[in-house]
1. Peptide A:79-86: average number of partner chain Cβ atoms within 10 Å per residue?
2. Under the definition of Cα pairs under 8 Å and six or more residues apart, what whole-number percent is the relative contact order of segment B:880-1049?
3. Counting alpha carbon pairs within less than 8 Å and at least 6 residues apart, what relative contact order, in whole percent, applies to segment B:669-869?
4. Running a GNM on chain A with Cα contacts under 10 Å, which residue among A:218, A:58, A:137 ends up with the highest mean-square fluctuation?
5. Mind checking segment B:758-824 for trypsin sites (Lys or Arg not before Pro) that DSSP puts in a loop (not H, G, I, E or B) and that have at most 13 other Cβ atoms within 10 Å?
6. What do the square roots of 5 times the Cα gyration tensor eigenvalues come to for the protein assembly as shown, in whole Å, largest first, as semi-axes of the equivalent ellipsoid?
7. Would you calculate the separation in nanometres between label points at residue B:35 and residue B:526, each defined as 7 Å from the Cα along the Cα-to-beta-carbon direction?
8. If you only keep lysine pairs separated by 8 or more in sequence, or across chains, how many in segment B:627-772 come under 30 Å at the Cα atoms?
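The values are calculated or read from the model by the stated rules, or taken from the named source; none is laboratory data. The shown structure was predicted, so the numbers you read here are calculated from the model rather than taken from an experiment. Because the Cβ atoms are built from the backbone with ideal geometry, glycine has one as well, and the counts that use them run over all protein chains shown. Side chains included, ligands, DNA and RNA excluded: accessible areas come from the protein's heavy atoms. Shrake-Rupley method; radii C 1.70, N 1.55, O 1.52, S 1.80 Å.
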Amino acid sequence: MIKKIRNLFLLFLLLLLLGFWSPWNDWDINLLQLIGIDTQPKLATLKVKSLAGNIDIFIDEQNMGSVTADDEFAEITTISKGEHLIQLKRLTEKEGIYYELSRKLNFEPGVEVVIAYDLGPSEEFSEGHILYTAPNFNKDSAPDLNIISEPDDVAVFLDDSQIGTTPLKELELDISKQHKIRFEKQGYDTLEFILLPESQEARDKLKGLSLQLEVNLFLQPMKLIKAN
Amino acid sequence: MSTAASLKNAVKYPTSIIVRGQDLLGIELAKSLLEQGGFVILIDQGSAEIEKYLPLIDAYNNLILMDYSGLSVLQSDLRRLDYVFYLNHHFTDQSQKVSTQEFLQASNYLDAVLDLTAKFDAKFLLSTSIKAHQSIVASKVIDLNYELQTAEKYSVYSELEIQRYSESLVREYQEKVGINTRIVRLGTLLGRGMEIDLDSVPIRLIIQALQGQRLVIPGDGLESDYYIHYLDAAYGIIKAQFAPNTKGQIYTLANEGEVTLLGFAYKLIELVSEAKEIYFDPDDHSLPPIKLYKPAINLTSIGWAPRISFERALSQTADFLKSKLSEVDWKVDQLDKTLIPIADKKEQPKSIKDKVLDFFFISNEKDDPERKVPQAAPVNTEGALARLIAERKNQEKARKGSIILANNKLREALQKKPERTPLQRLDRWLNDLFYRLKQKLNVLKNMTLTDFAFWSLGIIAFVTIYLILVAPILRLSRSLYFSYSDLNSLQSNLEQLKYNEANLNITSLKVNLRDAQDRFSDLEYLFTISGNDKSYSKLQTFMMQLQQYITGYENITKALIPLQELSNSYNSGFVPRLDGMYMSVELNNNYNTQLNQMYANRSLLGVGIAAVESNKDQVLSYLADLPEFIKSLYEPSLNKIMASDDNLGLLQNTFEYLPLLSGKEKARYYLLIIQDEQRFTPSGGSLVGYYLIKMQSGAIVDISAKDFNEFKNISPDLSDIALKQISLVNKDLVSATSVDFFDLDLIYDKEIWFKEVEEVVELNEGVAVDMSIALNLQTLATLSSQGIVYKQAQINESNFIEYLNDSLQGKDSSEARNDLILRLTAAVLEQKFNQPFKQQELGDDLSNVISDDQLRIFSSEPLFIKFLSLVHPGKKVEDTLHLGMVSSRDENILTRMPEITLAGKITVNEDGSSDKELSLNYDGQDIISSYFCSATPVKNWSVTGTELENYSQVFDLNDLATICAILLPDDDFKYGLSYQALPFEKALESGYNYEIEVDPLPGALLNYDLEFKFASSKVEALSEGAISQSNGYLYKGSSYGPIHFSFKIK
């Protein structure tokens, strides 16, 4: 009897520890996918556009290729789910001349993270945007959009209507179409680009996600007027 | 219940098969097993023989009676088998012949039983007869083939050989197949109710004894035998089967000690009163010759012991026979047939046909499949004895026939593959699969397929519940706890400015928060079932917002890691000197790497701060709606972290400029101006000396120091505005030609004073100063709060000034005092900055001295001006009162701090003007004058409390807004002052702020007791410490620096 109680207790303890550990949560196994029922992609994509010069793309400190200003987006489609360190370095003969973009970004399976940047000599003299996603666990809900900018207090125009100044939180985004988004601030170059993927299928994948948009504006150099 | 169903049900119980168990021993054995909760299958011929024993075992449910043919049923339907008892000890007549076919059938049957045993990995026990073995060992040739009267000359088998073969087969199965077997050789069974062989010599002797006849002993009567009571035999058989370590052993199961026929006869004479004398029959040679026989090891070796003695067993047998004989009036030939043994030892000679058939192992019965039950051979039925003999023989034939039939069935089972439906085939396949599984898994051996299916379903259900409910909850609790722990560690590390560790905490925290989100997602159905979809949504949104907020801190801490590295490795290299240089720098450090990293991380810091600021409110908002237990996990640490969020702006500004200020691009010069506020002056104290520090690449590369006494003879080229400042507070007239260096002490305007001092130093050092910092004694004392050592004296904040004054006893010259102050400053700098400093500690000290205005900073460089405006924004207040005193410049060095008391009433009118009725009390010892200045236009200016000759009124001709009253010492140093400050522009149309600043000379203690009255009734005091009164507020307190009073008038 005591042996039985001991064994039961040990089993209970084992199940308890196993539950706390739950190693299967870390296993990347999808039975439905294995038998071909679930065709959801397991990998995410990084799209990088250079607005000036040639840019080397590093993911987790591994060089994944480069993109020139003449190219369309460079696409890296083999990125696993989770956070990865993304670095963009502009190619020059001498290191350190250009600003180096370094961000830890979250990747969701089947969803694109978009970076379009003009890397200048410093952060102030660079411009671009980073669009990435994070799950909001509210399935089938339209994605919400969060915008932060450097500098802040930047006026944001969505489809030519001003929606506020940065930072902006939890904007409801209609994914039935693409949007034109514009950022304006005195003393900085205006930045404008198209938000959301072109195809409706790709836009539908954004449901249940939260879009994070980081924008960096180009500081206009001071005009020096020669004194008479 | 059908036999098949009963057999399937048998898996719940230890199952035993007893083959040839339909005698009293077999029944007793079955009874014992049934009483112990077992399931027993009794196999024998299945005739009516069993009926007389049924009352003994009829009450037991777990019993199946089968004839020999039932073995094929067992092979297909049995689910469990633990023990097999093969009772093959029946031995009556050693000379009895058995046909080759009978022999083969018997051996085949044993072979099939052993197969079944092997299939279930059961324990097997074979019982044989000691008597038979004794005969074999004695090499008694039962050569029926060569008897004189035997016509046929071919070999035939006997019971002896069946037993010998049985033992051999069992041993072979054990060796080749690995069955757990044991063999027990039984002695002759005695006891009440046992079958009796009337032809056996002992029974014959008992009957002779009971009938009062002489006891006829064949030969010399020295032939011996072993005996055992049948109950002891049953107990021994069970013991042999169940005892450990009996595998492969052969035991003798009999009372220890053999008994000769003569001894048997003597025992009868003792026990049976009717017994007569013993007679030896010298002509009877039917018994085998006497040979030495060594029996196998007795079962007593494993703990069995006979409980019924030989005498008692013999007595029981004799009594039993006596009672039976008396029933038939002592006519032996009329004994109850059930007690009559097989007496016919002479079998009819076989015909040639039979022998041929035997040779080809073909039984007569086999020819006709319908004849399943062997028919009794025709016997002579004349006479009762003959009838009984025939009956017994028929039974024996039936037994053998049953075995033949069983073997036939087995053979058919092996050869024929009956047509089965797909369902039956599936059932068969599943059963076979399960058996194979059982062989491998011990736990399944006691389980039916149905039970297995139910268990499987139960386990699947349990696993499903465990995986979708229990495990996610456990893992969620783990993730919540870890995230709570990570958040605590993060808060602690942020507080201690350990950014690297904080960054690691954040990485772990994000993983755990994300995991908690995933687990909440796994458990979403619980929220849905309970109708708490909104709670789920809020919970997930909070988790997401918290992650984004924390991501902001991740970027912040990552950006600040180079600053932490710089702090940890920083060494200023200061070396205090004993000569007039006071201090030098001995190290050649370079922190460009860290500075470059810091500079590169500015945007990361900005992004991080933006993320923190943009998510902070949402985190707080969703946190408030969370269930209490989750809220209590995160709220304390989050509140502490968020409390420091307000400083992030300052941090960002400092961080952005720090590399530039540290000489990243070019060398920077910092001027530390040391003042002695105990020798109080409007500028904050007499100028003591300076340290000029050169910073390049983050490191201090040079330092020079000087006592300002060296400048006492120079005439500084003061600006007009500086001269005006001096005139405003100086009782004597000053001009550009008459001023000396120490007249700079009379400039109360901070910016003008810094500029003039910087200019003098720049001229002297030949460098452009980027930033100047004024330190006074109290500042140095504060910076030494952690303790410094100077000339083996322990100095700290509380005794710094005391040490200074005590050390100067007897040599209170300005030079000596300045020298000591400069050396103490060197000690403070060396001990504060040479070790990798603690940012938090230094930050706290600097924050204290800056907020108390003990440490004043000035720069005329645009970069530094911008930096200072960001980190320490000054605010110009229109209505400012400057209060101060000028101490004597003679050789009597003061050893106390100046003190001013200001009291009175300030009435703020609706038009924004204010009427002030003030009283001033200066600590007048050793002062040569005191002053009061208003920086705003005034009217009705009036000074009371002193004679007119002690008071003069001075205007700044360039700035008509400023008016000063210079007060000469009188007997009580108390003065009254009243004036009306003219209105100034209102800040806002809908309401404006009224602000007034009281600015005492730096280093002086200002005691204030001011009552503010307002014409408007809707006034809110913005400054801390206000005591509300009717139509106004009261402020009382002390301050070492300027003090602001702000009010919002609605």
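1. 1
2. 28
3. For segment B:669-869, the relative contact order is 22 percent.
4. The residue that fluctuates most here is A:137.
5. Sparse-neighbourhood loop trypsin sites (Lys or Arg not before Pro): B:791, B:811.
6. Working: eigenvalues 2887, 271, 153 Å².
Gyration-tensor ellipsoid for the protein assembly as shown: 120, 37, 28 Å.
7. Output for this residue pair reads 5.6 nm.
8. 25
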